[in-house]
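Student: Right, I'll just put the structure down here and ask away after.
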Amino acid sequence: MKIQTKKAKFRQPLYLESGRLLEPWEIVYETYGKLNEDKSNVILITHALSGSHHAAGKYSDEDKKPGWWDDLIGDGKAVDTTKFFVISTNVIGSCFGSTSPLHPISPGSEEKYRLKFPVVTIKDMVKAQKILLDSLGIQRLKAIIGGSMGGMQALRFAVEYPGFAKDIIPLATTHKTRAAVIAVNTIMKDSILADPNFKNGNYDPIEITKNGLKGLEVARMMGFLGYLNPKTFDKKFGREYVKTDGMFELFGRFQVESYLEYNGANFPKWFDPLSYIYILKAISLFDLSRGYISLSEALLNVKDNLHLISFKGDTLFFPEEMSEIKKTMDELGKFCNYFEIDSNYGHDSFLVEVDKFENIIVDILKK
């Protein structure tokens, strides 16, 4: 599979939903496969909170892990890169090369945006991607596929740019972020802000990468409570204790504690705390009906074939949240498929249980 990583730079302003703008701005993206002559085989992949443009494959044999959706994307896989030209972008605000809080506040300046960076919404992320695709001469997509926050982007594409894609495939997502998720996002944000080493956003990124940031570690640990179903925690860890820890030592740990601590401690090595705060804000703000009278009026715009995939064990974005979209589309007399995957794994099923839904995607892309 041919992988190319590129950065597109734009001098024209990116006008944001807040009324602020980014000028200039840039977006990193990765492509897989080969673009056909009439540019009709393009599939856009949209990523979740901590994802990036690197969705599939390895850059070299030395890489420990492939891209985050490697089980789905590649030669001969469900999103077959021998047939399709796949584009995966890094959203504005993220920390993998696209314009973010750690970018210079103006060209040539040593001052970085940090907490002066404007609030970016899902709509803004999608707008930036649309500008990128326009610059590449891509006038229509075969499909847009994304899970979680990536599913939010896919839905926003369907509403804001009707008819731009033949098929829209959101997985494990919602049409609006509910209060319970906003509450967890707030706790994660506050744990970062309360860490004295965060320094009100004026930290040294190299120090954070080297020494970690406890507030970000705790935020990541909190996040895992939404990514895995309680039954998955029971299955993976039960009440097992770390064998080298004494049960009656105050800081002795259950296996689940060790797991959370390990993942939390590693997170600051590769993800930036400011980007985490800004993307959490974008997720909390997400409401597909914002700017419209209702969800029904928003979905009235949709001209693409909408295929919704939810997971029974998802306790972050419950299946009924996606079934509300299906119900509204049916009431409008619009085409919409709805698939509820039998799974107890949790929200991250869209990443780790590809075998349970890949045939659905194969069938959609064949039609």
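The values are calculated or read from the model by the stated rules, or taken from the named source; none is laboratory data. This structure is a prediction, so every number in the text was calculated from the model and none was measured. When we count neighbours, we look across all protein chains shown, and the Cβ atoms used for this are built from the backbone with ideal geometry, even at glycine. For the accessible areas, the whole protein counts, side chains as well, though only heavy atoms, and no ligand, DNA or RNA atoms are used. Shrake-Rupley method; radii C 1.70, N 1.55, O 1.52, S 1.80 Å.
Student: Specify the residue that is nearest to ALA282 (Cα to Cα); the eligible residues are those in the range 82-99 that are open to solvent by less than 10 Å² (accessible area, probe 1.4 Å) and in contact with an Asp or Glu (Cβ under 7 Å, 6 or more places away or on another chain).
Tutor: Checking each candidate, the answer is ILE92.
Student: Can I ask one more? Return only the number of the condition from (1) of a type outside the set (Val, Ile, Thr); (2) crowded, with 21+ Cβ neighbours inside 10 Å; (3) on the phi < 0 side of the Ramachandran plot that GLY74 does not satisfy.
Tutor: Only one criterion is unmet by GLY74, namely (3).
Student: Could you list all residues from the range 260-280 that are of a type outside the set (Val, Ile, Thr), part of a helix (DSSP H, G or I) and crowded, with 18+ Cβ neighbours inside 10 Å?
Tutor: Residues satisfying the conditions are LEU260, GLY264, PHE267, PRO268, PRO273, LEU274, SER275, TYR276, TYR278, LEU280.
Student: Mind checking which residues of the range 331-367 are of a type in the set (D, E, K, R) and farther than 23 Å from LEU44 by Cα?
Tutor: Those that are of a type in the set (D, E, K, R) and farther than 23 Å from LEU44 by Cα: GLU331, ASP342.
Student: Moving on to the next point. Would you be able to say whether some residue in the range 243-253 is open to solvent by 20 Å² or more (accessible area, probe 1.4 Å) and assigned to a helix (DSSP H, G or I)?
Tutor: no
Here is a yes/no grid of residues against (1) touching a residue at least 12 places away in the same chain (Cβ under 8 Å); (2) assigned to a loop (DSSP other than H, G, I, E, B); (3) open to solvent by 20 Å² or more (accessible area, probe 1.4 Å):
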{"site": "LYS303", "(1), (2), (3)": "yes, yes, yes"}
{"site": "LEU316", "(1), (2), (3)": "yes, yes, yes"}
{"site": "GLU324", "(1), (2), (3)": "yes, no, yes"}
{"site": "LYS334", "(1), (2), (3)": "yes, yes, yes"}
{"site": "PHE339", "(1), (2), (3)": "yes, no, yes"}
{"site": "HIS347", "(1), (2), (3)": "yes, yes, no"}
{"site": "ASN359", "(1), (2), (3)": "yes, no, yes"}
{"site": "VAL362", "(1), (2), (3)": "yes, no, yes"}
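Student: A follow-up question, please. Give the residues of the range 109-141 that are open to solvent by 70 Å² or more (accessible area, probe 1.4 Å), among the acidic types (Asp, Glu) and closer than 24 Å to LEU288 by Cβ, sorted by residue number.
Tutor: Within the range 109-141, just ASP134 meets the criteria.
Student: Can you tell me which residues in the range 317-367 are in contact with a helix residue (DSSP H, G or I) (Cβ under 6 Å, 6 or more places away or on another chain) and of a type outside the set (A, V, I, L, M, F, W, C)?
Tutor: Once the filter is applied, which keeps residues that are in contact with a helix residue (DSSP H, G or I) (Cβ under 6 Å, 6 or more places away or on another chain) and of a type outside the set (A, V, I, L, M, F, W, C), the range 317-367 yields THR328, TYR338, GLU340, SER343, ASN344, TYR345, GLY346, HIS347, ASP348.
Student: State which residue is surrounded by the most Cβ atoms within 10 Å (Cβ to Cβ) when the search covers only the range 52-71 and only residues that are acidic (Asp, Glu) and without any contact (Cβ under 8 Å) to a residue 60 or more places away in the chain.
Tutor: Within the range 52-71, the match that is surrounded by the most Cβ atoms within 10 Å (Cβ to Cβ) is ASP70.
Student: Among what's in the range 60-93 and is at pLDDT 95 or above and among the acidic types (Asp, Glu), pick the residue that is farthest from the chain's Cα centre (by Cα).
Tutor: That would be ASP75.
Student: Could you tell me whether any residue of the range 126-136 is without any contact (Cβ under 8 Å) to a residue 60 or more places away in the chain, of a type in the set (D, E, K, R) and under 28 Å from LEU351 (Cα atoms)?
Tutor: Yes, because at least one residue in the range 126-136 is without any contact (Cβ under 8 Å) to a residue 60 or more places away in the chain, of a type in the set (D, E, K, R) and under 28 Å from LEU351 (Cα atoms).
Student: Related question: Residues in the range 33-42: is at least one within 19 Å of the chain's Cα centre (by Cα) and open to solvent by less than 20 Å² (accessible area, probe 1.4 Å)?
Tutor: No, every residue in the range 33-42 fails to be within 19 Å of the chain's Cα centre (by Cα) and open to solvent by less than 20 Å² (accessible area, probe 1.4 Å).
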